[in-house]
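K.L.:
Below is a structure I'd like to ask you about.
The values are calculated or read from the model by the stated rules, or taken from the named source; none is laboratory data. Note that this is a predicted model, so its numbers are computed, not measured. Note that each Cβ is placed from the backbone with ideal geometry, even for glycine, and that neighbours are counted across all protein chains shown.
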Ligand code: BG6
(Lines give C-alpha, C1' and ligand atoms only; values in the text may rest on other atoms or scores of the structure.)
Protein backbone atom coordinates (compact mmCIF):
# COMPACT_ATOMS: atom_id res chain seq x y z
CA UNK A 1 0.00 0.00 0.00
CA UNK A 2 1.38 3.41 -0.90
CA UNK A 3 1.72 5.55 2.17
CA UNK A 4 0.48 9.08 1.64
CA UNK A 5 1.26 10.84 4.83
CA UNK A 6 1.15 14.52 4.05
CA UNK A 7 2.21 16.59 7.07
CA UNK A 8 -0.41 18.98 8.35
CA UNK A 9 0.28 22.62 9.22
CA UNK A 10 1.56 23.26 12.68
CA UNK A 11 -1.05 23.37 15.41
CA UNK A 12 -1.74 23.78 19.10
CA UNK A 13 -4.24 21.20 20.27
CA UNK A 14 -5.77 21.85 23.66
CA UNK A 15 -7.29 18.67 25.00
CA UNK A 16 -9.90 19.32 27.68
CA UNK A 17 -10.57 16.15 29.65
CA UNK A 18 -6.94 15.12 29.10
CA UNK A 19 -6.91 12.79 32.09
CA UNK A 20 -10.10 11.01 31.02
CA UNK A 21 -10.56 7.56 29.60
CA UNK A 22 -11.14 8.55 25.97
CA UNK A 23 -8.03 10.74 25.94
CA UNK A 24 -5.96 7.84 27.27
CA UNK A 25 -7.43 5.12 25.09
CA UNK A 26 -7.96 6.94 21.82
CA UNK A 27 -7.01 10.59 21.45
CA UNK A 28 -3.45 10.65 22.78
CA UNK A 29 -2.43 7.29 21.24
CA UNK A 30 -3.89 8.43 17.88
CA UNK A 31 -1.93 11.68 18.02
CA UNK A 32 1.19 9.69 18.81
CA UNK A 33 0.62 7.36 15.84
CA UNK A 34 0.25 10.34 13.50
CA UNK A 35 3.43 11.82 14.99
CA UNK A 36 5.19 8.50 14.43
CA UNK A 37 3.96 8.53 10.82
CA UNK A 38 5.52 11.95 10.30
CA UNK A 39 2.23 13.77 9.87
CA UNK A 40 2.40 15.91 12.99
CA UNK A 41 4.97 18.71 12.63
CA UNK A 42 7.87 18.70 15.06
CA UNK A 43 6.78 22.01 16.57
CA UNK A 44 3.11 21.12 17.14
CA UNK A 45 1.94 21.48 20.73
CA UNK A 46 -0.46 19.29 22.65
CA UNK A 47 -1.72 20.91 25.78
CA UNK A 48 -3.61 18.74 28.21
CA UNK A 49 -6.21 20.51 30.33
CA UNK A 50 -8.31 19.13 33.15
CA UNK A 51 -9.32 19.94 36.68
CA UNK A 52 -6.71 17.95 38.56
CA UNK A 53 -3.37 19.45 39.46
CA UNK A 54 -0.72 17.69 37.43
CA UNK A 55 2.80 18.63 36.52
CA UNK A 56 3.92 18.44 32.91
CA UNK A 57 6.07 15.48 33.88
CA UNK A 58 3.22 13.59 35.50
CA UNK A 59 1.08 14.19 32.39
CA UNK A 60 3.89 12.97 30.15
CA UNK A 61 4.26 9.89 32.30
CA UNK A 62 0.54 9.14 31.82
CA UNK A 63 0.93 9.59 28.07
CA UNK A 64 3.86 7.16 28.00
CA UNK A 65 1.72 4.62 29.86
CA UNK A 66 -1.16 5.13 27.43
CA UNK A 67 1.17 4.66 24.45
CA UNK A 68 2.52 1.51 26.04
CA UNK A 69 -0.94 0.12 26.51
CA UNK A 70 -2.69 1.19 23.31
CA UNK A 71 -0.06 1.53 20.58
CA UNK A 72 1.25 -1.57 18.83
CA UNK A 73 4.81 -2.57 19.58
CA UNK A 74 5.98 -1.89 16.03
CA UNK A 75 5.28 1.80 16.52
CA UNK A 76 6.71 2.20 19.99
CA UNK A 77 10.25 3.39 19.68
CA UNK A 78 11.99 5.25 22.47
CA UNK A 79 13.28 8.36 20.63
CA UNK A 80 9.92 8.95 18.90
CA UNK A 81 8.04 8.61 22.18
CA UNK A 82 10.51 11.01 23.84
CA UNK A 83 10.06 13.55 21.03
CA UNK A 84 6.28 13.19 21.21
CA UNK A 85 5.89 13.68 24.95
CA UNK A 86 8.25 16.64 24.64
CA UNK A 87 5.46 18.29 22.58
CA UNK A 88 2.97 17.74 25.42
CA UNK A 89 2.33 19.92 28.45
CA UNK A 90 -0.41 20.32 31.00
CA UNK A 91 -2.46 23.16 32.51
CA UNK A 92 -4.96 22.73 35.35
CA UNK A 93 -8.10 24.55 34.30
CA UNK A 94 -11.30 25.33 36.06
CA UNK A 95 -14.01 25.13 33.39
CA UNK A 96 -16.36 27.44 35.24
CA UNK A 97 -13.91 29.52 37.25
CA UNK A 98 -10.87 31.65 36.43
CA UNK A 99 -8.02 29.27 37.20
CA UNK A 100 -5.70 28.40 34.32
CA UNK A 101 -7.12 30.58 31.54
CA UNK A 102 -4.33 33.14 31.41
CA UNK A 103 -1.72 30.33 31.35
CA UNK A 104 -3.60 28.78 28.48
CA UNK A 105 -3.71 32.06 26.61
CA UNK A 106 0.05 32.38 26.78
CA UNK A 107 0.62 28.69 25.97
CA UNK A 108 -1.04 28.84 22.53
CA UNK A 109 0.47 30.59 19.52
CA UNK A 110 -1.35 33.21 17.47
CA UNK A 111 0.08 31.97 14.21
CA UNK A 112 -0.70 28.24 14.72
CA UNK A 113 -3.98 26.49 14.00
CA UNK A 114 -5.72 26.09 17.32
CA UNK A 115 -7.91 23.08 18.02
CA UNK A 116 -9.87 22.90 21.25
CA UNK A 117 -10.94 19.34 21.90
CA UNK A 118 -13.79 18.93 24.40
CA UNK A 119 -13.49 15.37 25.65
CA UNK A 120 -15.65 16.31 28.64
CA UNK A 121 -19.25 16.04 29.83
CA UNK A 122 -21.61 17.93 27.49
CA UNK A 123 -22.68 20.16 30.37
CA UNK A 124 -19.23 21.77 30.08
CA UNK A 125 -19.36 22.45 26.32
CA UNK A 126 -21.10 25.82 26.68
CA UNK A 127 -19.06 27.11 29.66
CA UNK A 128 -15.74 26.08 28.07
CA UNK A 129 -16.62 27.65 24.71
CA UNK A 130 -17.61 30.88 26.47
CA UNK A 131 -14.36 30.96 28.48
CA UNK A 132 -12.29 30.51 25.34
CA UNK A 133 -14.07 33.43 23.74
CA UNK A 134 -14.11 35.71 26.80
CA UNK A 135 -10.41 35.16 27.39
CA UNK A 136 -9.59 35.95 23.78
CA UNK A 137 -8.07 32.50 23.26
CA UNK A 138 -10.28 31.43 20.36
CA UNK A 139 -9.93 33.21 17.03
CA UNK A 140 -10.82 32.75 13.36
CA UNK A 141 -8.36 29.88 12.83
CA UNK A 142 -9.63 28.03 15.91
CA UNK A 143 -11.51 24.78 15.69
CA UNK A 144 -13.70 23.20 18.27
CA UNK A 145 -14.03 19.43 18.54
CA UNK A 146 -16.84 17.95 20.59
CA UNK A 147 -17.40 14.35 21.55
CA UNK A 148 -20.67 12.52 21.86
CA UNK A 149 -23.16 12.31 23.47
CA UNK A 150 -24.36 15.44 21.72
CA UNK A 151 -27.51 15.82 23.78
CA UNK A 152 -29.94 13.23 24.99
CA UNK A 153 -32.87 14.44 22.90
CA UNK A 154 -33.78 17.18 20.45
CA UNK A 155 -34.20 19.82 23.10
CA UNK A 156 -30.84 19.25 24.79
CA UNK A 157 -29.11 19.04 21.39
CA UNK A 158 -30.63 22.39 20.42
CA UNK A 159 -29.39 23.92 23.66
CA UNK A 160 -25.88 22.58 23.06
CA UNK A 161 -25.89 23.89 19.49
CA UNK A 162 -27.02 27.30 20.72
CA UNK A 163 -24.37 27.31 23.49
CA UNK A 164 -21.61 26.56 21.01
CA UNK A 165 -22.99 28.98 18.42
CA UNK A 166 -22.70 31.78 20.98
CA UNK A 167 -18.91 31.48 20.77
CA UNK A 168 -18.05 29.62 17.55
CA UNK A 169 -19.28 29.57 13.95
CA UNK A 170 -20.67 26.34 12.56
CA UNK A 171 -17.69 26.06 10.18
CA UNK A 172 -15.42 25.90 13.25
CA UNK A 173 -17.33 23.12 15.03
CA UNK A 174 -16.37 19.47 14.54
CA UNK A 175 -18.90 17.09 16.11
CA UNK A 176 -17.28 13.68 16.27
CA UNK A 177 -19.01 10.48 15.31
CA UNK A 178 -16.00 8.21 15.27
CA UNK A 179 -17.75 5.69 13.01
CA UNK A 180 -17.31 8.19 10.18
CA UNK A 181 -13.55 7.92 10.64
CA UNK A 182 -13.55 4.17 10.13
CA UNK A 183 -11.84 3.23 6.87
CA UNK A 184 -14.66 1.05 5.59
CA UNK A 185 -17.27 3.70 6.20
CA UNK A 186 -15.34 6.00 3.91
CA UNK A 187 -14.97 3.09 1.53
CA UNK A 188 -18.70 2.78 1.35
CA UNK A 189 -18.72 6.17 -0.38
CA UNK A 190 -15.88 5.10 -2.67
CA UNK A 191 -17.66 1.87 -3.60
CA UNK A 192 -20.91 3.66 -4.33
CA UNK A 193 -19.65 6.79 -6.05
CA UNK A 194 -16.39 5.78 -7.72
CA UNK A 195 -17.72 2.69 -9.50
CA UNK A 196 -20.31 2.39 -12.20
CA UNK A 197 -21.34 -1.10 -11.09
CA UNK A 198 -23.52 -0.50 -8.09
CA UNK A 199 -25.24 2.84 -8.41
CA UNK A 200 -27.66 1.83 -11.23
CA UNK A 201 -28.88 -1.03 -9.00
CA UNK A 202 -28.86 0.95 -5.77
CA UNK A 203 -32.59 1.42 -5.33
CA UNK A 204 -35.84 -0.26 -4.46
CA UNK A 205 -36.13 -1.93 -7.87
CA UNK A 206 -33.12 -4.14 -7.26
CA UNK A 207 -32.51 -4.07 -3.52
CA UNK A 208 -34.81 -6.15 -1.36
CA UNK A 209 -33.63 -4.78 1.95
CA UNK A 210 -30.58 -3.56 3.84
CA UNK A 211 -29.29 -4.83 7.19
CA UNK A 212 -27.01 -2.81 9.43
CA UNK A 213 -25.53 -4.67 12.38
CA UNK A 214 -23.20 -3.37 15.06
CA UNK A 215 -22.73 -6.24 17.50
CA UNK A 216 -20.37 -6.05 20.46
CA UNK A 217 -19.19 -8.64 22.95
CA UNK A 218 -18.47 -6.13 25.72
CA UNK A 219 -21.02 -5.36 28.39
CA UNK A 220 -21.61 -2.02 30.05
CA UNK A 221 -19.72 -2.83 33.25
CA UNK A 222 -17.51 0.11 34.24
CA UNK A 223 -19.69 2.70 32.52
CA UNK A 224 -23.06 1.40 33.66
CA UNK A 225 -24.21 4.59 35.31
CA UNK A 226 -23.75 6.61 32.10
CA UNK A 227 -25.11 3.85 29.90
CA UNK A 228 -28.22 3.35 31.99
CA UNK A 229 -29.33 6.91 31.23
CA UNK A 230 -28.63 6.34 27.57
CA UNK A 231 -29.31 2.82 26.24
CA UNK A 232 -28.54 1.42 22.81
CA UNK A 233 -30.89 3.78 21.01
CA UNK A 234 -29.17 6.93 22.21
CA UNK A 235 -25.67 5.47 22.50
CA UNK A 236 -25.49 3.79 19.09
CA UNK A 237 -28.54 4.19 16.85
CA UNK A 238 -29.08 7.96 16.94
CA UNK A 239 -25.48 8.50 15.85
CA UNK A 240 -23.39 5.56 14.57
CA UNK A 241 -26.07 3.42 12.92
CA UNK A 242 -27.82 6.52 11.64
CA UNK A 243 -24.62 7.61 9.90
CA UNK A 244 -24.20 4.19 8.32
CA UNK A 245 -27.79 4.30 7.15
CA UNK A 246 -27.31 7.78 5.69
CA UNK A 247 -24.19 6.89 3.74
CA UNK A 248 -25.88 3.78 2.38
CA UNK A 249 -29.10 5.53 1.44
CA UNK A 250 -28.11 9.04 0.38
CA UNK A 251 -28.18 10.44 -3.13
CA UNK A 252 -24.80 11.09 -4.75
CA UNK A 253 -23.65 14.56 -3.76
CA UNK A 254 -22.63 16.78 -6.67
CA UNK A 255 -19.13 17.10 -5.27
CA UNK A 256 -17.21 15.54 -2.40
CA UNK A 257 -17.69 18.68 -0.42
CA UNK A 258 -18.47 18.74 3.31
CA UNK A 259 -21.73 20.63 3.06
CA UNK A 260 -22.94 18.91 -0.08
CA UNK A 261 -22.40 15.55 1.56
CA UNK A 262 -24.06 16.62 4.77
CA UNK A 263 -27.00 18.09 2.86
CA UNK A 264 -27.59 14.67 1.29
CA UNK A 265 -27.37 12.88 4.65
CA UNK A 266 -29.80 15.36 6.14
CA UNK A 267 -32.32 14.64 3.37
CA UNK A 268 -32.20 10.94 4.25
CA UNK A 269 -32.82 11.60 7.94
CA UNK A 270 -35.76 13.81 7.07
CA UNK A 271 -37.20 11.07 4.85
CA UNK A 272 -37.16 8.44 7.62
CA UNK A 273 -40.61 7.18 8.52
CA UNK A 274 -41.77 7.25 12.13
CA UNK A 275 -41.23 3.79 13.63
CA UNK A 276 -44.35 2.09 15.02
CA UNK A 277 -44.02 0.12 18.27
CA UNK A 278 -44.30 -3.24 16.47
CA UNK A 279 -41.20 -2.45 14.40
CA UNK A 280 -38.86 -2.07 17.38
CA UNK A 281 -37.45 -4.76 19.65
CA UNK A 282 -35.53 -3.91 22.77
CA UNK A 283 -33.43 -6.32 24.78
CA UNK A 284 -31.42 -6.54 27.97
CA UNK A 285 -28.74 -9.18 28.55
CA UNK A 286 -29.30 -11.50 31.46
CA UNK A 287 -26.79 -13.03 33.85
CA UNK A 288 -25.07 -16.17 32.62
CA UNK A 289 -23.63 -17.66 35.78
CA UNK A 290 -20.16 -16.10 35.65
CA UNK A 291 -21.08 -12.80 34.08
CA UNK A 292 -23.43 -10.25 35.65
CA UNK A 293 -26.69 -9.24 34.03
CA UNK A 294 -27.23 -5.84 32.45
CA UNK A 295 -29.08 -4.72 35.55
CA UNK A 296 -26.18 -5.74 37.76
CA UNK A 297 -23.68 -3.99 35.46
CA UNK A 298 -25.85 -0.89 35.50
CA UNK A 299 -26.35 -1.18 39.26
CA UNK A 300 -30.04 -0.61 38.75
CA UNK A 301 -32.21 -3.59 39.53
CA UNK A 302 -35.33 -2.05 37.97
CA UNK A 303 -33.62 -0.70 34.89
CA UNK A 304 -35.75 -0.56 31.75
CA UNK A 305 -32.82 0.58 29.61
CA UNK A 306 -32.03 -1.48 26.52
CA UNK A 307 -28.61 -2.99 25.87
CA UNK A 308 -29.91 -4.24 22.52
CA UNK A 309 -32.24 -2.75 19.96
CA UNK A 310 -33.46 -3.84 16.55
CA UNK A 311 -35.64 -1.74 14.27
CA UNK A 312 -37.26 -1.82 10.89
CA UNK A 313 -36.90 1.56 9.25
CA UNK A 314 -38.68 2.84 6.17
CA UNK A 315 -37.44 5.69 3.99
CA UNK A 316 -40.09 7.63 2.14
CA UNK A 317 -38.41 8.75 -1.03
CA UNK A 318 -38.31 7.55 -4.63
CA UNK A 319 -35.15 5.53 -4.20
CA UNK A 320 -36.14 3.51 -1.16
CA UNK A 321 -39.91 3.54 -0.81
CA UNK A 322 -40.32 -0.26 -0.63
CA UNK A 323 -36.90 -1.25 0.68
CA UNK A 324 -36.77 -1.57 4.46
CA UNK A 325 -33.58 -0.97 6.41
CA UNK A 326 -33.21 -3.27 9.40
CA UNK A 327 -30.88 -2.03 12.12
CA UNK A 328 -29.63 -3.92 15.16
CA UNK A 329 -27.02 -3.28 17.78
CA UNK A 330 -26.30 -4.77 21.17
CA UNK A 331 -23.84 -5.47 23.92
CA UNK A 332 -22.67 -8.92 25.04
CA UNK A 333 -23.60 -10.52 21.76
CA UNK A 334 -22.06 -13.57 20.20
CA UNK A 335 -19.22 -11.74 18.48
CA UNK A 336 -17.89 -8.30 17.67
CA UNK A 337 -19.03 -7.52 14.18
CA UNK A 338 -20.13 -4.41 12.34
CA UNK A 339 -21.41 -4.75 8.83
CA UNK A 340 -23.86 -3.50 6.25
CA UNK A 341 -25.56 -6.09 4.10
CA UNK A 342 -27.22 -4.91 0.92
CA UNK A 343 -29.51 -7.75 -0.08
CA UNK A 344 -30.44 -7.69 -3.75
CA UNK A 345 -33.66 -9.15 -5.11
CA UNK A 346 -34.01 -12.51 -6.80
CA UNK A 347 -33.75 -12.61 -10.57
CA UNK A 348 -37.20 -11.87 -12.00
CA UNK A 349 -37.34 -15.32 -13.60
CA UNK A 350 -35.13 -18.37 -13.20
CA UNK A 351 -34.26 -20.36 -16.31
CA UNK A 352 -32.56 -23.05 -14.27
CA UNK A 353 -34.71 -25.89 -13.06
CA UNK A 354 -32.49 -27.19 -10.32
CA UNK A 355 -30.80 -24.24 -8.81
CA UNK A 356 -30.37 -25.77 -5.37
CA UNK A 357 -27.99 -23.38 -3.58
CA UNK A 358 -28.82 -20.34 -5.63
CA UNK A 359 -29.60 -17.21 -3.71
CA UNK A 360 -29.97 -13.57 -4.56
CA UNK A 361 -26.81 -11.48 -4.60
CA UNK A 362 -25.75 -9.66 -1.49
CA UNK A 363 -23.07 -7.04 -1.01
CA UNK A 364 -21.59 -7.10 2.47
CA UNK A 365 -19.50 -4.21 3.69
CA UNK A 366 -17.52 -5.25 6.76
CA UNK A 367 -16.56 -2.42 9.08
CA UNK A 368 -14.90 -4.59 11.68
CA UNK A 369 -13.19 -6.91 12.12
CA UNK A 370 -11.47 -7.86 8.80
CA UNK A 371 -12.42 -4.61 7.06
CA UNK A 372 -13.49 -5.41 3.55
CA UNK A 373 -16.42 -6.34 1.41
CA UNK A 374 -17.81 -9.33 -0.35
CA UNK A 375 -20.31 -9.77 -3.09
CA UNK A 376 -22.10 -13.07 -3.25
CA UNK A 377 -22.50 -14.24 -6.82
CA UNK A 378 -24.31 -17.30 -8.15
CA UNK A 379 -22.24 -19.54 -10.41
CA UNK A 380 -22.37 -23.08 -11.71
CA UNK A 381 -20.74 -25.67 -9.55
CA UNK A 382 -17.85 -27.15 -11.53
CA UNK A 383 -18.14 -30.67 -12.97
CA UNK A 384 -20.82 -32.80 -14.52
CA UNK A 385 -24.30 -33.20 -13.07
CA UNK A 386 -26.20 -30.46 -14.85
CA UNK A 387 -26.59 -26.84 -13.92
CA UNK A 388 -25.97 -27.01 -10.22
CA UNK A 389 -25.82 -23.48 -8.93
CA UNK A 390 -23.97 -22.24 -5.89
CA UNK A 391 -23.38 -18.90 -4.25
CA UNK A 392 -19.77 -17.92 -3.82
CA UNK A 393 -18.36 -14.76 -2.33
CA UNK A 394 -16.20 -12.41 -4.35
CA UNK A 395 -14.31 -11.58 -1.22
CA UNK A 396 -12.00 -8.66 -0.69
CA UNK A 397 -10.33 -8.09 2.62
CA UNK A 398 -8.82 -4.64 2.29
CA UNK A 399 -5.61 -5.50 4.11
CA UNK A 400 -4.94 -8.34 1.61
CA UNK A 401 -6.19 -6.53 -1.48
CA UNK A 402 -4.16 -3.42 -0.82
CA UNK A 403 -1.13 -5.21 0.59
CA UNK A 404 -1.33 -3.20 3.79
CA UNK A 405 1.71 -4.19 5.82
CA UNK A 406 0.42 -2.18 8.68
CA UNK A 407 -2.65 -2.05 10.89
CA UNK A 408 -5.57 0.00 9.55
CA UNK A 409 -5.45 3.43 11.21
CA UNK A 410 -7.78 4.13 14.09
CA UNK A 411 -10.77 6.33 13.21
CA UNK A 412 -9.48 9.03 15.56
CA UNK A 413 -6.22 9.38 13.64
CA UNK A 414 -8.04 10.35 10.48
CA UNK A 415 -10.56 12.55 12.25
CA UNK A 416 -8.05 14.57 14.29
CA UNK A 417 -5.93 15.24 11.22
CA UNK A 418 -9.08 16.33 9.36
CA UNK A 419 -9.76 18.85 12.13
CA UNK A 420 -6.30 20.33 11.67
CA UNK A 421 -6.76 20.36 7.90
CA UNK A 422 -10.10 22.10 8.35
CA UNK A 423 -12.05 19.37 6.57
CA UNK A 424 -15.54 18.90 8.03
CA UNK A 425 -16.66 16.14 5.65
CA UNK A 426 -16.60 13.40 8.28
CA UNK A 427 -18.18 15.43 11.06
CA UNK A 428 -21.82 16.00 11.87
CA UNK A 429 -23.41 19.34 11.24
CA UNK A 430 -25.71 20.83 13.88
CA UNK A 431 -28.88 20.45 11.81
CA UNK A 432 -28.04 16.82 11.09
CA UNK A 433 -27.73 15.97 14.77
CA UNK A 434 -30.99 17.73 15.52
CA UNK A 435 -32.81 15.92 12.72
CA UNK A 436 -31.49 12.59 14.03
CA UNK A 437 -32.89 13.39 17.48
CA UNK A 438 -36.19 14.53 15.99
CA UNK A 439 -36.57 11.05 14.50
CA UNK A 440 -35.31 9.20 17.59
CA UNK A 441 -37.25 11.09 20.26
CA UNK A 442 -40.75 9.74 19.52
CA UNK A 443 -39.45 6.16 19.60
CA UNK A 444 -37.87 6.68 23.02
CA UNK A 445 -40.82 8.71 24.30
CA UNK A 446 -43.18 5.87 23.40
CA UNK A 447 -41.10 3.40 25.45
CA UNK A 448 -40.90 5.74 28.36
CA UNK A 449 -44.64 6.15 28.30
CA UNK A 450 -45.36 2.43 28.09
CA UNK A 451 -42.57 1.46 30.51
CA UNK A 452 -42.15 -1.87 28.72
CA UNK A 453 -39.55 -4.17 30.05
CA UNK A 454 -36.94 -5.03 27.40
CA UNK A 455 -36.81 -8.70 26.35
CA UNK A 456 -34.13 -10.67 28.18
CA UNK A 457 -31.45 -12.28 26.00
CA UNK A 458 -28.64 -14.66 26.76
CA UNK A 459 -25.09 -13.36 26.76
CA UNK A 460 -23.17 -14.55 23.73
CA UNK A 461 -26.37 -14.78 21.69
CA UNK A 462 -27.71 -12.82 18.71
CA UNK A 463 -30.15 -10.92 20.92
CA UNK A 464 -33.74 -11.68 21.83
CA UNK A 465 -35.86 -14.09 19.81
CA UNK A 466 -38.26 -11.25 19.04
CA UNK A 467 -35.54 -9.54 16.97
CA UNK A 468 -35.41 -12.58 14.71
CA UNK A 469 -39.17 -12.38 14.33
CA UNK A 470 -38.88 -8.79 13.11
CA UNK A 471 -37.48 -10.18 9.86
CA UNK A 472 -39.18 -13.59 9.84
CA UNK A 473 -42.57 -11.98 9.69
CA UNK A 474 -41.44 -10.21 6.50
CA UNK A 475 -40.15 -13.50 5.06
CA UNK A 476 -36.52 -12.47 5.63
CA UNK A 477 -33.77 -13.35 8.02
CA UNK A 478 -30.81 -11.67 9.62
CA UNK A 479 -27.41 -12.50 8.30
CA UNK A 480 -25.82 -15.13 10.50
CA UNK A 481 -23.55 -13.35 12.94
CA UNK A 482 -21.08 -16.20 12.78
CA UNK A 483 -20.29 -15.22 9.21
CA UNK A 484 -22.58 -17.57 7.28
CA UNK A 485 -25.38 -16.38 5.11
C1 LIG B 1 -19.24 4.39 21.43
C2 LIG B 1 -20.32 3.87 22.33
O3 LIG B 1 -19.63 5.58 20.81
O4 LIG B 1 -18.95 3.42 20.42
C5 LIG B 1 -19.91 2.55 22.94
O6 LIG B 1 -20.57 4.84 23.35
C7 LIG B 1 -19.49 1.57 21.88
O8 LIG B 1 -20.97 2.01 23.72
C9 LIG B 1 -18.48 2.18 20.93
O10 LIG B 1 -18.95 0.43 22.52
C11 LIG B 1 -18.18 1.27 19.76
O12 LIG B 1 -17.11 1.79 19.02
P13 LIG B 1 -16.07 0.84 18.29
O14 LIG B 1 -15.19 1.77 17.52
O15 LIG B 1 -15.37 0.07 19.35
O16 LIG B 1 -16.87 -0.04 17.40
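K.L.:
Which one of these does residue 121 not meet: (1) within 16 Å of the ligand (Cβ to nearest atom); (2) more than 21 Å from the chain's Cα centre (by Cα)?
P.N.:
Among (1) within 16 Å of the ligand (Cβ to nearest atom); (2) more than 21 Å from the chain's Cα centre (by Cα), residue 121 violates only (2).
K.L.:
Do we find that residue 370 is assigned to a loop (DSSP other than H, G, I, E, B), at pLDDT below 95 and at negative phi in this structure?
P.N.:
No; evaluated as a whole, the condition is false for this residue.
K.L.:
All but one of (1) within 11 Å of the ligand (Cβ to nearest atom); (2) under 16 Å from the mean Cα position of the chain (by Cα) hold for residue 233; state the number of the condition that does not hold.
P.N.:
Just one mismatch for residue 233, condition (1).
Yes/no matrix, rows are residues, columns are (1) touching a helix residue (DSSP H, G or I) at 6+ places or on another chain (Cβ under 6 Å); (2) within 16 Å of the ligand (Cβ to nearest atom):
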{"residue": "133", "(1), (2)": "no, no"}
{"residue": "136", "(1), (2)": "no, no"}
{"residue": "147", "(1), (2)": "no, yes"}
{"residue": "160", "(1), (2)": "yes, no"}
{"residue": "169", "(1), (2)": "no, no"}
{"residue": "172", "(1), (2)": "no, no"}
{"residue": "178", "(1), (2)": "yes, yes"}
{"residue": "183", "(1), (2)": "no, yes"}
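K.L.:
Looking only at the range 398-430, how many residues end up being within 20 Å of the chain's Cα centre (by Cα) and either modelled with pLDDT under 90 or within 16 Å of the ligand (Cβ to nearest atom) (or both)?
P.N.:
Here the count works out to 14.
K.L.:
If you check residue 243 against the conditions, is it within 16 Å of the ligand (Cβ to nearest atom), assigned to a helix (DSSP H, G or I) and over 25 Å from residue 417 (Cβ atoms)?
P.N.:
It is false that residue 243 is within 16 Å of the ligand (Cβ to nearest atom), assigned to a helix (DSSP H, G or I) and over 25 Å from residue 417 (Cβ atoms).
K.L.:
Quick one: count up the residues across the range 185-221 that are modelled with pLDDT under 95, closer than 20 Å to residue 397 by Cβ and within 12 Å of the ligand (Cβ to nearest atom).
P.N.:
Of the residues in that region, 1 qualify.
K.L.:
Hey, another quick one. Any residue that is outside any loop (DSSP other than H, G, I, E, B) and under 30 Å from residue 110 (Cα atoms) - is there at least one of those in the range 179-200?
P.N.:
Yes, because at least one residue in the range 179-200 is outside any loop (DSSP other than H, G, I, E, B) and under 30 Å from residue 110 (Cα atoms).
K.L.:
Okay, moving on. Scan the range 368-421 for residues that are closer than 29 Å to residue 174 by Cβ, out of contact with any helix residue (DSSP H, G or I) (no Cβ under 9 Å at 6 or more places or on another chain) and in contact (Cβ under 8 Å) with a residue 60 or more places away in the chain and report the count.
P.N.:
Residues flagged as closer than 29 Å to residue 174 by Cβ, out of contact with any helix residue (DSSP H, G or I) (no Cβ under 9 Å at 6 or more places or on another chain) and in contact (Cβ under 8 Å) with a residue 60 or more places away in the chain within the range 368-421 amount to 4.
K.L.:
Moving to a separate point now. Which of the residues belonging to the range 296-324 are crowded, with 23+ Cβ neighbours inside 10 Å and under 19 Å from residue 462 (Cα atoms)?
P.N.:
305, 306, 307, 308, 309, 310, listed by residue number.
K.L.:
Would you check if there is a residue in the range 258-274 being surrounded by fewer than 21 Cβ atoms within 10 Å (Cβ to Cβ), part of a loop (DSSP other than H, G, I, E, B) and either more than 20 Å from the chain's Cα centre (by Cα) or away from the ligand (no atom under 16 Å from the Cβ) (or both)?
P.N.:
yes
K.L.:
Please pick out the residue among 8, 40, 14 that is surrounded by 18 or more Cβ atoms within 10 Å (Cβ to Cβ) and in a strand (DSSP E or B).
P.N.:
Matching residue, one of 8, 40, 14: 14.
K.L.:
Considering each residue of the range 121-131, count those that are touching a helix residue (DSSP H, G or I) at 6+ places or on another chain (Cβ under 9 Å) and farther than 20 Å from residue 238 by Cβ, and give that number.
P.N.:
5
K.L.:
Identify the residue in the range 307-356 that is farther than 17 Å from residue 212 by Cβ and touching a helix residue (DSSP H, G or I) at 6+ places or on another chain (Cβ under 6 Å) and, among all such residues, is nearest to the ligand (Cβ to nearest atom).
P.N.:
That would be 307.
K.L.:
Would you be able to say whether some residue in the range 60-79 is in contact with a strand residue (DSSP E or B) (Cβ under 7 Å, 6 or more places away or on another chain), at pLDDT 95 or above and part of a helix (DSSP H, G or I)?
P.N.:
Checked the range 60-79: at least one residue is in contact with a strand residue (DSSP E or B) (Cβ under 7 Å, 6 or more places away or on another chain), at pLDDT 95 or above and part of a helix (DSSP H, G or I).
K.L.:
May I pose another question? Looking at 125, 150, which is the one that is in contact with a strand residue (DSSP E or B) (Cβ under 6 Å, 6 or more places away or on another chain) and in a loop (DSSP other than H, G, I, E, B)?
P.N.:
150
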